[in-house]
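Each remark here refers to the structure printed beneath this line.
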């Protein structure tokens, strides 16, 4: 099976649009279409339904997705078994804040070979197929260690007719009663735990209902609605057509921050890992910010290993 095609399929499933997958993979949209068409031909089934708003997984596509992710993890394990190679770091999503932090590290240390991957669990850390991952640390098994690296403020993202669109900033309490639609919030993940804690702390309602058809569908909905808004990290790259006229409104008093940590296996001896930890360890915690109880600075896992 062509693993480049599998990798492209996973990127398109995560992005919701072939165009966005192409940008994430640094290839053309035509290349994405050809790879997925070849994969569909080899499997004998359609994996996506093309719509005006993007690419939606078919039933077979949804069934194949977890196996496709495992194929990519197996590829990483195979590479790790025969060479030390570049420093492999999981950023979960290439448009999220950790990807920007890692890009800044690469610009500061262009001599260090780096490989960026996007995974959704920590199993790749345990088996050594990746060297480090960015996570909001809820709890860690004994073989993993972590250090806090960045507090990312949350922002409200809404359309031009939303009641809060013209505000210079809002407080968490002012979000009560507004529909916050976040179909990407998955129960059982650390981001699911974070947003559940945030909603409980300020009496908010976060709606994760409905299938996640990708960022494009969420942005279209926000542009057309006077009632629906969502939450995004200040460091996330969210792009929309000019006609959408969406607004990013800071949340303050207190400012909720998403606590990014770098996680690695304690016995990992990759020579570039120390350089990455040192570079990311320069920031200071945001003062007066809100974090869930499990992410307070005093609870951060010590930087050992």
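Couple of notes before you dig in:
- Across the stretch 111-137, the qualifying residues are those that are free of Cβ contacts under 8 Å to residues at least 40 places away in the same chain and part of a loop (DSSP other than H, G, I, E, B), and the one among them that is nearest to residue 261 (Cα to Cα) is 121.
- Qualifying helices (runs of 4 or more DSSP H) (wholly inside the stretch 1-73; at least 3 residues being under 20 Å from residue 99 (Cβ atoms) and touching a helix residue (DSSP H, G or I) at 6+ places or on another chain (Cβ under 6 Å)): 3-15, 18-25
- Restricting 45, 49 to residues that are in contact with a strand residue (DSSP E or B) (Cβ under 8 Å, 6 or more places away or on another chain) and loosely packed, with under 15 Cβ neighbours inside 10 Å narrows the list to 49.
- Among residues of the stretch 215-249, those that are surrounded by fewer than 18 Cβ atoms within 10 Å (Cβ to Cβ) and under 19 Å from residue 18 (Cα atoms), counted: 5
- For the stretch 138-165, a residue qualifies if it is in a loop (DSSP other than H, G, I, E, B) and either assigned by TED's automatic domain parsing to the domain that holds residue 278 or free of Cβ contacts under 8 Å to residues at least 24 places away in the same chain (or both), and the qualifying residues are 138, 139, 140, 141, 142, 143.
- Residue in the stretch 175-198 that is out of contact with any strand residue (DSSP E or B) (no Cβ under 6 Å at 6 or more places or on another chain), in a loop (DSSP other than H, G, I, E, B) and buried (at least 20 other Cβ atoms within 10 Å of the Cβ) present: yes
- Single unsatisfied condition, residue 291 versus (1) at pLDDT 90 or above; (2) closer than 30 Å to residue 21 by Cβ: (2)
- Matching residues in the stretch 262-288 - criterion: being touching a residue at least 40 places away in the same chain (Cβ under 8 Å), out of contact with any helix residue (DSSP H, G or I) (no Cβ under 8 Å at 6 or more places or on another chain), under 19 Å from residue 153 (Cβ atoms) and surrounded by fewer than 17 Cβ atoms within 10 Å (Cβ to Cβ): 283
- Count of the stretch 253-289 residues which are more than 25 Å from residue 111 (Cβ to Cβ) and part of a strand (DSSP E or B): 5
The values are calculated or read from the model by the stated rules, or taken from the named source; none is laboratory data. These numbers come from a predicted model, not from an experiment. Every residue, glycine as well, gets a Cβ built from its backbone with ideal geometry; the counts of neighbours run over all protein chains shown.
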